[in-house]
1. Among the residues of the stretch B:70-105, which ones have their accessible area go down by 30 Å² or more when all the protein chains sit together, as opposed to their chain alone (1.4 Å probe)?
2. If the label for A:Pro104 sits 7 angstrom from Cα along the Cα-to-Cβ line, what are its distances to the same label in every other copy, in nm to one decimal, shortest first?
3. Provide the net charge surrounding B:Ile39, with neighbours chosen by a C-beta distance below 15 Å and charges set as Lys +1, Arg +1, Asp -1, Glu -1.
4. Under a 5 Å amide H to amide H cut-off, with H placed in plane at 1.01 Å, what residues pair with A:Gly56 once short-range neighbours are removed?
5. Ignoring ligands, DNA and RNA, how much accessible area is buried between chains B and A, both sides summed, with a 1.4 Å probe, to the nearest 100 Å²?
6. Compute the signed sum of charges (Lys and Arg +1, Asp and Glu -1) over the other residues within less than 12 Å, Cβ to Cβ, of A:Leu133.
7. Got a sec? What order do B:Val99, A:Val151 fall in by accessible area at 1.4 Å, biggest, i.e. largest, first?
8. Ignoring ligands, DNA and RNA, please state the percent of accessible area on the stretch B:73-236 from carbon and sulfur, probe 1.4 Å.
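The values are calculated or read from the model by the stated rules, or taken from the named source; none is laboratory data. Please read all numbers here as calculations on a predicted model, not as lab measurements. Neighbour counts are summed over all protein chains in view; Cβ atoms, including those assigned to glycine, are modelled from backbone coordinates with ideal geometry. For the accessible areas, the whole protein counts, side chains as well, though only heavy atoms, and no ligand, DNA or RNA atoms are used. Shrake-Rupley method; radii C 1.70, N 1.55, O 1.52, S 1.80 Å.
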2 protein chains.
Amino acid sequence: MTTGVRRRMGVEERRQQLIGVALELFSNRSPDEVSIDEIAAAAGISRPLVYHYFPGKLSLYEAALRRAAQDLAERFEEPQEGPLGARLLRVMGRYFDFVDEHGPGFSALMRGGPAVPAGGACSMSTASATNALIDSVRQAAYVQILAHLRVAAPSARLELVVRSWISLAESTALIWLDGRRIPRSELQLQLVHDFAALAAVSAAYDEEMAGLLRHILADEPVDGPFAALITRLAALAPSPGVPAAAG
Amino acid sequence: MTTGVRRRMGVEERRQQLIGVALELFSNRSPDEVSIDEIAAAAGISRPLVYHYFPGKLSLYEAALRRAAQDLAERFEEPQEGPLGARLLRVMGRYFDFVDEHGPGFSALMRGGPAVPAGGACSMSTASATNALIDSVRQAAYVQILAHLRVAAPSARLELVVRSWISLAESTALIWLDGRRIPRSELQLQLVHDFAALAAVSAAYDEEMAGLLRHILADEPVDGPFAALITRLAALAPSPGVPAAAG
C-alpha cells in the first residue's frame, strides 16, 4: 500500500485511503499491535497528518469496521436469476473471499475478542457499536435471503432456518480459519447443502416450510447442488423393510 | 430466595448462597441493574456482610458466571447407553431448561452484550475471562459428544460438524428466546435432527463421515428421531426419473 507518489489527495479521498490502509492492517493483527505510526507509514503520510483526518486510533478502527461490515453485507447481494442453489453458492464464494482476506480480524471480531483497542477510556459503547455492526451484517444477509426466497412475511420457523443458517456460516468460517484444514471450496458447497438440510429438517415437521422447499426444489436443475444432496441423503436412509440392528 | 431464618452459615456455605442469589438476579436483568443492596436483601443479610465475602459486584458477577458455565457444561453429560438420538434429545432438554431459567442473562452473555458491569475500571480482562468461560462450555460439549460417538481422534470434518452444531444449538436457543414463538420441545427435537442432517451433508461427500453415520444409524431404533427424519427427508426428494420443472 505504500506509495512513493506524493500527489495531493482531497479530504474524503484521503480519509477513504486511510480507512483502507487501516482495514488491511487491522485485518491481520490485533488493533493493539497496529500503531498510528505504522498506518501513517503504510499510507505514505506523516503521523500528524493522520491525526488531521482522524482523532485517534479508535475512530480509525471504527471506520475500518464500518467499511468491512458494509463490504461483507454487499457480498450477500446477488441477482435474483437462475436456480437458488447456484445463487447461494456464488454468495458463499464471496463470503469466504471476505473471510480469507480479513482472516485474523474477522476471527477476533466474531469471537468477541479485541474489538476495542486498549488505551484511552474504556469504551463499552464501542463494544456495543461493534455488536450493532455485526448485527447489521446478519440482518442484511437475512433480508437478502428472504428476497431470494420471495417471502415477504416469514413464519417464525422460516426465520429460524434462515437466521440459524447465517450463524452456521459464521461458525463454519471461524472453524475453517483455525487451521484451514478443509478446502474452502468444499465448505462453500457444504453450506449450500446445510441450508437445504436445515430447511428440510424444518419442512419435515412443518407444512409451510415443506411447501417452500418443494417450490425451491422444483426450480433446481437435476445436476444442481440441492438435487445432488437429496439423492445422496436418500441413499443413506436404511432400506425399507430392513429393521435396524439392535444397539 | 429471601428467608427469615437467621441461622449462621459457614463461610463457604454463605459464599455459595450469595453466588446462587446473584446468579438468579443476573439471569433476569443486566448486571448494571442489579445492586449489591438487592443481592444482600435477597440473601437476607446486610450489605457490609456481602462485601465480607466478595470485594465487589464484579467479583460476585464473575463467580455467578463460573457457576452458570459449570452448570451448563454438566448438562451435556449423559450416560453412554441406548441410541444416540435419544441421548442427544435428553441433552437438548436439559440445555433448553438452562436457557429457559437464565434467559435474559444467557442472551446478553452470548450476544457479547453487558458481560461486564459498568463502573470501576474497565476490565477487558473480564471480557476475555467471559469468552474463556463460554469457550470452556463449548469445549465440554464437544468432548462429551465425541465420547458418545466413541471417536478419540476426530477428523477435521467431524470436528467441524460437531463444533458447528454446538454453535447452531446456541443460535437456535437465542432466536427462541427472542419471542419464544416456537415450542421449545419442537426445537429440542429439531436440533437432534439438525445434528443428523449436518452429519449427513458431510457424509455425502466424505467416506469417513459416511462410515460414522452408518454406524450411528445402525444402532437407531426404527421409531427413533434419526430414522424418522431420514424417512421424511427421502419423501421430499424428487421421484427418480421425473425431471425437475424448468426454473
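1. Flagged in the stretch B:70-105: nothing.
2. Copy-to-copy label distances for A:Pro104: 4.0 nm.
3. Taking every other residue near B:Ile39 into account, the sum is 0.
4. none
5. Numbers: alone 13670 and 13660 Å², together 22470 Å².
So the buried area, both faces added, is about 4900 Å².
6. On the way: positive: A:Arg66, A:Arg67, A:Arg138; negative: A:Glu62, A:Asp71, A:Asp135.
Within the 12 Å Cβ shell, the charges total 0.
7. Numbers: B:Val99 0, A:Val151 35 Å².
Accessible-area ranking of B:Val99, A:Val151, largest first: A:Val151, B:Val99.
8. Values: 3670 of 6500 Å².
Of the solvent-accessible surface of the stretch B:73-236, carbon and sulfur hold 56 percent.
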